[in-house]
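Asker: Handing you a structure now.
The values are calculated or read from the model by the stated rules, or taken from the named source; none is laboratory data. The model shown is predicted, which means the values in this text are computed figures rather than measured ones. Glycine also receives a Cβ, built like all others from the backbone with ideal geometry; neighbour counts cover every protein chain displayed.
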Amino acid sequence: MKATIKNIVFDMGNVLLDFQPQKVVDRFCSSQEEKELILRELFQAPEWLMADRGLIKDGDRYGLIRDRVPEAHRSALKNCCFHWDFCMEPLPGAKEFVRDCKQAGYRIYILSNASDLFFTYFNNFSPLDYFDGAVVSCQELLLKPEPEIYQRLLERYHLCPAECFFIDDREDNVDSARAQGMQGYVFREDYPALREILGLN
């Protein structure tokens, strides 16, 4: 029998806020070639995870990537590097779901892979102190699904893993949470199903 859930742990991107690199390149790029280039050299390149791990700042990416991109595409690259976070808007139903979790008596936490810009754009969702705690990868020099970042959350906030319900859109991240003893759910923008599981209907 599973332990009673007391703590809801949220991933941020594509669980609370909409992270869609395609929207970024669609706004700032003028050709399919340019879109594919910047998706590859910005969003799929090592510098993205380096910033999430806290090895570089979000604003450092352009300088590190620029020389890999032909000069004709650097203006679009610069816009994507410095303005990509416009897409980080709350998913439909996310604010209401978090509010209802809190009002139902659950403690709520963030566990996110994110660069330092997280602390600016997360205000699109709510003040961070609305949550009972947060572990953000750039501050910890760790990334999900590494076991250590889940342990950091559990230890910092003195949480019993079996009482934690972790919600993430990536199956590997949820599998790692389960390996640490947490309950887990792979999110597919299905808040109604989560409401039923957590007794919020």
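Asker: Would you pick out the residues in segment 7-28 that are in contact with a Leu (Cβ under 8 Å, 6 or more places away or on another chain) and assigned to a loop (DSSP other than H, G, I, E, B)?
Answerer: Scanning segment 7-28 gives D11, N14, V15, L16, D18.
Asker: Which number in (1) more than 15 Å from C80 (Cβ to Cβ); (2) out of contact with any strand residue (DSSP E or B) (no Cβ under 6 Å at 6 or more places or on another chain); (3) not in a helix (DSSP H, G or I) marks the one condition that M50 misses?
Answerer: (3)
Asker: Output the residue which, of all residues in segment 1-41 that are touching a residue at least 12 places away in the same chain (Cβ under 8 Å) and of a type in the set (S, T, Y), is farthest from I65 (Cα to Cα).
Answerer: Across segment 1-41, the extreme among qualifying residues is T4.
Asker: Can you tell me which of C138, C101, C160 is surrounded by 18 or more Cβ atoms within 10 Å (Cβ to Cβ), more than 12 Å from the chain's Cα centre (by Cα) and of a type outside the set (D, E)?
Answerer: C101
Asker: Inspect segment 71-94 for any residue being closer than 26 Å to P147 by Cβ and buried (at least 18 other Cβ atoms within 10 Å of the Cβ) and give the result as yes or no.
Answerer: Within segment 71-94, none of the residues are closer than 26 Å to P147 by Cβ and buried (at least 18 other Cβ atoms within 10 Å of the Cβ).
Asker: T4 passes all but one of (1) part of a loop (DSSP other than H, G, I, E, B); (2) closer than 23 Å to T120 by Cβ; (3) not hydrophobic (A, V, I, L, M, F, W, C); which number fails?
Answerer: T4 satisfies every listed condition except (2).
Asker: Has segment 33-44 got at least one residue that is under 17 Å from K144 (Cα atoms) and part of a loop (DSSP other than H, G, I, E, B)?
Answerer: Yes, segment 33-44 contains a residue that is under 17 Å from K144 (Cα atoms) and part of a loop (DSSP other than H, G, I, E, B).
Asker: Just to confirm my filter: which helices (runs of 4 or more DSSP H) fall fully inside segment 107-186 and include at least 1 residues that are in contact (Cβ under 8 Å) with a residue 24 or more places away in the chain, of a type in the set (G, A, S) and not assigned by TED's automatic domain parsing to the domain that holds G59?
Answerer: 137-140, 171-179
Asker: Return the only residue of E71, E33, E96, E89 being over 26 Å from R152 (Cα atoms) and touching a strand residue (DSSP E or B) at 6+ places or on another chain (Cβ under 9 Å).
Answerer: Selected residue: E89, the only one of E71, E33, E96, E89 that is over 26 Å from R152 (Cα atoms) and touching a strand residue (DSSP E or B) at 6+ places or on another chain (Cβ under 9 Å).
Asker: Restricting to segment 170-190, name every residue that is surrounded by fewer than 18 Cβ atoms within 10 Å (Cβ to Cβ) and either farther than 16 Å from Q151 by Cβ or within 15 Å of the chain's Cα centre (by Cα) (or both).
Answerer: Within segment 170-190, R170, E171, D172, V186, R188, E189, D190 qualify.
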